[in-house]
1. Which is farthest toward the positive dipole end of region 35-107 among Ser95, Gln51, Gly65, measuring Cα position about the Cα centre, with Cβ charges +1 (Lys, Arg) and -1 (Asp, Glu)?
2. What list of ³J(HN,Hα) couplings, whole Hz, do you get for region 110-126 from phi and the Karplus terms 6.51, -1.76, 1.60, once you set θ to phi - 60° and write x for glycine and proline?
3. For the pair Val111 and Ser95, how long in nm is the line joining their label points, each one 7 Å along Cα→Cβ?
Amino acid sequence: MLRPGSREKLGVRLGPVGVTIGMAGAAALVLGFLGYRETSEDLSFTDAAFQALQLFVFEGGTTAGATPWQLDVARFLAAAVAGYALRAVLFLARSQADEWRTRLLARDHVVVIGLSDVGLAVAKGHARGGAVVCVEDASEPRAESCRKGRGRIPCSPVM
């Protein structure tokens with residue numbers, strides 16, 4: 001059951017690392033904004049905000065003269081947050097590629113869990129139909145009899 005105001009309501013579940021990265025991103029944005037405002041007093045609110053956002057894509061960060069400490073901290077925080085976000089995107093892309101590869105290449109096989117009489121009948125039927133059948137069973141004697149007597153049905157004990 002969801003409590004009012006819980007994060008799961010949005011469909012996003014943030015762990016402690018996600019919350020930390022979010023806070024670091026917010027801190028980088030605020031510190032970047034303050035740092036840019038300190039470097040030039042004639043810089044408008046929106047220009048300072050935009051330059052602070054550019055820190056996340058490695059476009060901002062250069063100033064004429066001395067750099068305020070807020071901007072220095074914001075540069076490194078923004079780079080760390082952007083690096084972590086890139087890592088997360090690459091992880092998701094790899095997961096999606098693995099899923100697509102499995103969907104495209106893992107076809108025409110049957111996995112039967114348990115070598116009861118019904119499980120053995122299902123395995124034999126699919127093997128006769130030409131499918132690649134793999135049977136998993138926790139009983140070593142049944143698995144051994146399957147390996148020796150059935151030939152086309154590989155069988156391994158489940159741990």
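Bear in mind that the values in this text are calculations on the coordinates, not laboratory data. Keep in mind that this is a model prediction, so the values were computed, not measured. Here the Cβ positions follow ideal geometry from the backbone for every residue, glycine too, while neighbour counts run over all protein chains shown.
1. Going by the Cα projections, it comes out as Ser95.
2. Once θ is set to phi - 60°, the couplings for region 110-126 become 10, 10, 10, 9, x, 9, 5, 4, 5, x, 5, 5, 5, 4, 4, x, 5 Hz.
3. Label-label distance for Val111 and Ser95, simple model: 1.9 nm.
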